[in-house]
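Here the structure comes first, spelled out in structure tokens, and everything after it is commentary.
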Amino acid sequence: QFSELDLLNVGLIRKADNYYDTFQSRIIFPLKNEDGYIVGFSGRIYNQDDRFSKYLNSSDNAIFNKGNILYNFSDAKTEIKKANFVYLFEGFMDVIALHKVGIDNTVAIMGTSLTDNQIRLIQSVTNTVVLSLDGDEAGIHATQKAIFLLNRYKFNTRVILLPDGLDPDDYLKKFGKDKLKQYYEKNSLSAIDYLYNIEKRKLNKGDVESKLAFKNSIFAILQEYNSIALNEIILKKLSEEIDVSIDSLLADFNKQPKKATIVTPEPPKRTGTADKAEQIRDRHLYYEQKLISMSLLSKRNCITIISALDNNFIDKDNYHIFLHLKDYYDQYEEFELELFTGRLSEIEKEKFNLILNPKFEFEGNIEELVQKVKDYVVAANEKSTGNLSDIEKLGKKIKRKSRTTTLQR
């Protein structure tokens, strides 16, 4: 049996004057991890009420983190392997709509930005992703970010965009099962063509400034891909679009400053017998490295991160690297690798080099990373491990319950 404290810790109940059901008046969708165990829930409100969010997910806890979960992944793994690609959606209602028409190689990120951990799950079953996120501006921005992140992991990426801003459930209701299935089977676009077309929407061919802005946005995309053959294909297309010779475009492109290129460090792996305090410390160092990498992308990022962390560092060398970055940005607006590394000690250079890579650029959410760092600082400085032990026991208890439920099916 689970106690009230157990249910409170995993967010199934909340407390005001008395305990109450977190998901009251909602349709509940169980959320499974990659092994098929239920680790969280999502509730969709069924009585229209503008006072409440349409969807409510379990809060992050010892056994559930939304950034580590792909809705339907455990159930879809076999179909994904069979098809050798996966459809990636924004919400679970999209997955359900595709299931209704017999398409089952589908997963959803449940309204969050695509994360490195979610990508690693996909990587275990396929290297081809078809993105089908929402068609509004937020969805377009999320698609662009996902393309660049997937590209860093060398995925083959395509995109499907439904007409008129419809999502799969809307399209299904409007046109029926057969039309929805046909659309998804015949209307995917290469990621680079999608990115090109999105930027082209802003182009005014009668305006010189608009042409230059379009050119620069395409240059930025090509730098993400770092492919000579692709450069030639797209620059030829761009040449015809803005009526500028390929030679001129190529000359401009080759003048572009090389951006600092950054890789996400791998999270450290430890055995089950490793000391818990060391695991917490290693994980914190990992997030500190990720924040350093983001500070290289802009002065604004650096100032935001240092201010938000408020001296919450566990590694003195990482702390010193941040101080060097702050001093550097006091003098310069843009990051230049050679100018910066001259400020570092040999030990600092060794640590700094761990997050540099000649091919890739790291992207992430600053607010989430800062919060994770702060959480780990609190955990690392916790003098009593009683609370941590209780949470671990709760996680094991839930896993045992999940296994029992699975065996009883």
Answer from THR22, THR78 - the residue that is more than 19 Å from LEU114 (Cβ to Cβ), buried (at least 17 other Cβ atoms within 10 Å of the Cβ) and β-branched (Val, Ile, Thr): THR22
Please enumerate the residues belonging to the range 32-65 that are within 21 Å of THR115 (Cα to Cα) and buried (at least 20 other Cβ atoms within 10 Å of the Cβ). ASN33, VAL39, GLY40, SER42, ASN57, SER58, ILE63, PHE64
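List the helices (runs of 4 or more DSSP H) that sit entirely inside the range 1-107 and contain at least 1 residues that are under 21 Å from the mean Cα position of the chain (by Cα) and free of Cβ contacts under 8 Å to residues at least 40 places away in the same chain.
Numbers: elements: 4-9, 73-83, 92-100.
Because the criterion is at least 1 residues that are under 21 Å from the mean Cα position of the chain (by Cα) and free of Cβ contacts under 8 Å to residues at least 40 places away in the same chain, the helices (runs of 4 or more DSSP H) in the range 1-107 that meet it are 73-83, 92-100.
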Cβ-Cβ under 8 Å pairs, at least 6 apart or on other chains, the range 123-142 side not assigned by TED's automatic domain parsing to the domain that holds VAL86, far side not in a loop (DSSP other than H, G, I, E, B): none
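Hey, among VAL130, VAL125, which residue is among the aliphatic types (A, V, I, L, M), in contact with a strand residue (DSSP E or B) (Cβ under 9 Å, 6 or more places away or on another chain) and not in a loop (DSSP other than H, G, I, E, B)? Before you say what the answer is, go through the steps one by one.
Values: VAL125 fails: not in a loop (DSSP other than H, G, I, E, B).
Answer to the check: VAL130.
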So, THR112, is that one surrounded by fewer than 19 Cβ atoms within 10 Å (Cβ to Cβ), assigned by TED's automatic domain parsing to the domain that holds VAL86 and farther than 25 Å from ASN226 by Cα or not? yes
Looking at LYS181, LYS173, LYS237, which one is touching a residue at least 60 places away in the same chain (Cβ under 8 Å), surrounded by fewer than 18 Cβ atoms within 10 Å (Cβ to Cβ), part of a helix (DSSP H, G or I) and of a type in the set (Lys, Arg)? LYS181
Residue list for the range 115-127, restricted to those being surrounded by 16 or more Cβ atoms within 10 Å (Cβ to Cβ) and of a type in the set (S, T, N, Q): THR115, GLN118, THR126
Find the residue count for the range 301-342, including only residues that are in a loop (DSSP other than H, G, I, E, B), surrounded by 16 or more Cβ atoms within 10 Å (Cβ to Cβ) and not hydrophobic (A, V, I, L, M, F, W, C). 1
Give the number of residues within the range 191-203 that are surrounded by fewer than 13 Cβ atoms within 10 Å (Cβ to Cβ) and out of contact with any helix residue (DSSP H, G or I) (no Cβ under 8 Å at 6 or more places or on another chain). 2
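The values are calculated or read from the model by the stated rules, or taken from the named source; none is laboratory data. Source: prediction; values computed, not measured. Don't worry about glycine lacking a Cβ; one is built from the backbone with ideal geometry, like all the others, and counts go over all protein chains shown.
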